[in-house]
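Undergrad: Mind looking over this structure? Questions follow.
The values are calculated or read from the model by the stated rules, or taken from the named source; none is laboratory data. Everything quoted here is computed from the prediction, not taken from an experiment. Here Cβ is always computed from backbone atoms with ideal geometry, including for glycine, and neighbour counts include all displayed protein chains.
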Amino acid sequence: MIAVKVDKISFHPPSRSYAVILKEISGIRKLPVIVGAYEAQSIALALEYMETPRPLTHDLIGSIIRQIEGKLVAVKITELIDGVFYSRMELRGKLIGKRSIDARPSDAIAVALRMNTPILVADQVMDEASVVEEIPKETPVEALRKEPTREKLESQLQAAIEAEEYEKAAILRDKIKELKELKS
């Protein structure tokens, strides 16, 4: 099984639905999983750590698992049959023992994000349905050494600080300082 994370959610015009892009944590492949609008919204809310006034369905599922003193151990996308992904939610607890529950990947991902649970994809599914992310010709750090505008650099600096990417932030800070000195 290959560990993945939710990379992004994008609108998929042909099906008028959304694609959740799962990216290998230790690789360059991405797996697009088509989901409905409700599930995409639920996943987006979990990614942004936004709380709703009342629990949504995926919040409720997580609450039930916790209330029975269970743990969602992993979400596994196990098969791709006729263009349809299949997944399992692996649960463990004193009262329930070990359980493997069939679930739509969209629902399983939404619950996994809320419970900080690993999302795994079967090797065969990744081999069959993934796309390879284009590798940039230069690293992000090298790209920063080029001449973008000061406003763009300041925006990138703020984003790097918020993401705790301090090496990148230091390079950006130095570049902004260089631009200021050139204008003086």
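Undergrad: Would you mind stating whether residue 36 is over 21 Å from residue 132 (Cα atoms) and surrounded by fewer than 18 Cβ atoms within 10 Å (Cβ to Cβ)?
TA: The answer is yes for residue 36.
Undergrad: Please state which of the following conditions residue 77 fails to meet, knowing it meets all the rest: (1) farther than 25 Å from residue 19 by Cβ; (2) not in a helix (DSSP H, G or I).
TA: Exception for residue 77: condition (1).
Undergrad: In the stretch 21-70, which residue that is touching a Ser or Thr at 6+ places or on another chain (Cβ under 8 Å) and part of a loop (DSSP other than H, G, I, E, B) is modelled with the highest pLDDT?
TA: 36
Undergrad: Do we find that residue 180 is more than 25 Å from residue 48 (Cβ to Cβ), modelled with pLDDT of 70 or more, over 25 Å from the mean Cα position of the chain (by Cα) and surrounded by 14 or more Cβ atoms within 10 Å (Cβ to Cβ) in this structure? Outline the logic, then answer.
TA: Values: more than 25 Å from residue 48 (Cβ to Cβ): yes; modelled with pLDDT of 70 or more: yes; over 25 Å from the mean Cα position of the chain (by Cα): yes; surrounded by 14 or more Cβ atoms within 10 Å (Cβ to Cβ): no.
Against the criterion (more than 25 Å from residue 48 (Cβ to Cβ), modelled with pLDDT of 70 or more, over 25 Å from the mean Cα position of the chain (by Cα) and surrounded by 14 or more Cβ atoms within 10 Å (Cβ to Cβ)), residue 180 does not qualify.
Undergrad: Can you pull out the residues in the stretch 82-103 that are part of a loop (DSSP other than H, G, I, E, B) and either of a type in the set (Gly, Ala, Ser) or under 14 Å from residue 120 (Cα atoms) (or both)?
TA: 83
Undergrad: Shifting gears a bit: Can you spot a residue in the stretch 5-21 that is of a type in the set (Phe, Trp, Tyr), buried (at least 18 other Cβ atoms within 10 Å of the Cβ) and touching a His at 6+ places or on another chain (Cβ under 7 Å)? It would help to see each step written out before you state the result.
TA: Going residue by residue through the stretch 5-21, those that are of a type in the set (Phe, Trp, Tyr) are 11, 18.
Narrowing further to those that are buried (at least 18 other Cβ atoms within 10 Å of the Cβ): 18.
Adding the requirement that they be touching a His at 6+ places or on another chain (Cβ under 7 Å) leaves 18.
Looking for residues that are of a type in the set (Phe, Trp, Tyr), buried (at least 18 other Cβ atoms within 10 Å of the Cβ) and touching a His at 6+ places or on another chain (Cβ under 7 Å), one finds at least one in the stretch 5-21, hence yes.
Undergrad: May I pose another question? Any idea which of 65, 43 is in contact with a Leu (Cβ under 6 Å, 6 or more places away or on another chain) and surrounded by 15 or more Cβ atoms within 10 Å (Cβ to Cβ)?
TA: One residue alone meets the criteria, 65.
Undergrad: Moving on to the next point. Mind listing whichever residues of the stretch 63-95 are of a type in the set (Gly, Ala, Ser) and within 17 Å of residue 35 (Cβ to Cβ)?
TA: Correct list: 83, 87.
Undergrad: I've got another one for you. Which of the residues spanning the stretch 49-75 are closer than 19 Å to residue 97 by Cβ and either of a type in the set (S, T, N, Q) or in contact with a Phe, Trp or Tyr (Cβ under 7 Å, 6 or more places away or on another chain) (or both)?
TA: 67
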